[in-house]
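Every read-out reported here was derived from the displayed coordinates using simple, explicitly stated rules and does not represent laboratory data. The structure presented is a predicted model; accordingly, all values stated were derived computationally and were not measured. Glycine also receives a Cβ, built like all others from the backbone with ideal geometry; neighbour counts cover every protein chain displayed.
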Ligand code: PLP
């Protein structure tokens, strides 16, 4: 499963040349990128912010699990049961290493980032938020980091406040400073915006929040696939992410939280696995992290999350970030030169931006843009990208969005530029 790592460490990995990733070789490890669409066009996948493609290592690990050792975890006293438990717990250690968690018991497996945020909102939130308490969010949050907090403050009669953004999609830390005078109990914000690509200064924001006495939840769904994440350096209290955006299967994800927080939190879901002892009228809880993993987990997916984490760790996330930054530096001016009428959104400085490019072609609805691009084999997302308040703030009904991952190349960007020319031709603009 981690065969690639020693080669990378020894400098013999052909996918790394002069300290940089060789995207063509990485691309070759993703079978779907070699396929053709119904019109015989090769797939140009520019929707990785929605969900990433999977490398062979991940696909094969899933296959191996079901062929060779499919069995429930923490139950069977037989060989394949022990093997699946060992692989499941090894994946937890891989994920912990990937985000530099100090203790793998602080990694709770969830189905995705949404479930991880809901876990915190229900378990920590319902015990710690009371009438009049304030939670600070930002105007750029994905609905997954907004709606759970709306439900919580509605129930508890608390309040939400929002860090505003500038017109080019950067958080107003000066206003954040003012909001902190309200002494919020929690500040929750995204590490990287799924819509604008903005990379937020999460360590600085966490320090500011802690100085005001608030706990911090960071939504890392768009960060873990693209930038190095070190939860100890960020010093957040909760860090959440989904596996499917970081090359792992759907149904995998994680919540990392500091041990003392997890130990003090009541269970979220209840049932098998999360208990130590059950009596008819009361039960005792299992240790962390299993206290939060009720029922049979998505074993194969979480094992595979470990494989994906090892795959990315072998490449080094600093190199992944560098590759995507270079691609963004190529794409932003190339798009603006080829199509000067294009509206581009988000910060134009690649130093604070991930590989996400929202755009509009004046006079053409983004859904039509995406549909015509699809005929050329180009997959982009169109709509509100689960950030309706952000679109409202920017006075936009919708946008088309191209987004990169480790396997994206300049050829993808060139295809997009040609695809947009075709869209304009079809609509006569
Ligand atoms: N947070 C951000 C920033 C996202 O981009 C997404 C998904 O797009 C989510 C949370 C929710 O992820 P999931 O649907 O995998 O739970």
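What is the chain's relative contact order, in percent, from Cα pairs under 8 angstrom and six or more apart in sequence?
Answer for the chain is 22 percent.
When 280, 335, 247 are ordered from fewest to most other Cβ atoms inside 10 Å of their Cβ, what list results?
The order, fewest Cβ neighbours first, is 280, 335, 247.
Give me the compactness ratio for the range 373-429, meaning the Cα radius of gyration over 2.2 N^0.38 Å.
Dividing the Cα radius of gyration by 2.2 N^0.38 Å gives 1.30.
What number do you get for the range 317-396 when its Cα radius of gyration is normalised by 2.2 N^0.38 Å, N = residues?
1.18
Going out from 0 in 5 Å bins, what whole percent of all Cα-Cα distances in the range 210-285 drops into each bin?
3, 12, 18, 18, 15, 14, 10, 6, 2, 0
Ranked highest first by average number of other Cβ atoms within 10 Å, how do 339-349, 118-128 line up?
Highest to lowest by the protection proxy: 118-128, 339-349.
Checking the a/c ratio against 1.5 first, then a/b against b/c, what shape does the Cα gyration tensor give for the range 132-209? Don't skip to the answer; put the middle values down first.
On the way: a/c = 2.02, a/b = 1.33, b/c = 1.52.
Oblate, because a/c is 1.5 or more while a/b does not exceed b/c.
How long are the semi-axes of the ellipsoid equivalent to the chain, from square roots of 5 times the Cα gyration tensor eigenvalues, in whole Å, largest first?
Output for the chain: semi-axes of 35, 29, 19 Å.
Write down the Kirkwood hydrodynamic radius of the range 4-97, to one decimal in angstroms, obtained as one divided by the mean of 1/r over all alpha carbon pairs. Walk me through the numbers before you get to the answer.
Values: mean 1/r = 0.0612 Å⁻¹.
Radius from the Kirkwood sum: 16.3 Å.
Before rounding to the nearest 500, sum -39500 (n - 2.57) across all DSSP H runs of length at least 4 in the chain and divide by the residue total; then give [θ] at 222 nm in deg cm²/dmol.
About -11500 deg cm²/dmol.
From the C-alpha coordinates alone, can you work out the Kirkwood hydrodynamic radius of the range 174-251, in Å?
Answer for the range 174-251: a Kirkwood hydrodynamic radius of 13.1 Å.
Which shape class, rounded, prolate or oblate, goes with the range 108-170 when its Cα gyration tensor gives a ≥ b ≥ c as root eigenvalues, a/c under 1.5 marks rounded, and past that a/b bigger than b/c marks prolate?
oblate
Quick check on the range 278-354: take the gyration tensor over C-alpha atoms, sort the square-rooted eigenvalues as a ≥ b ≥ c, and tell me if it's rounded (a/c under 1.5), prolate or oblate.
It is prolate, given that a/c is not under 1.5 and a/b is the larger ratio.
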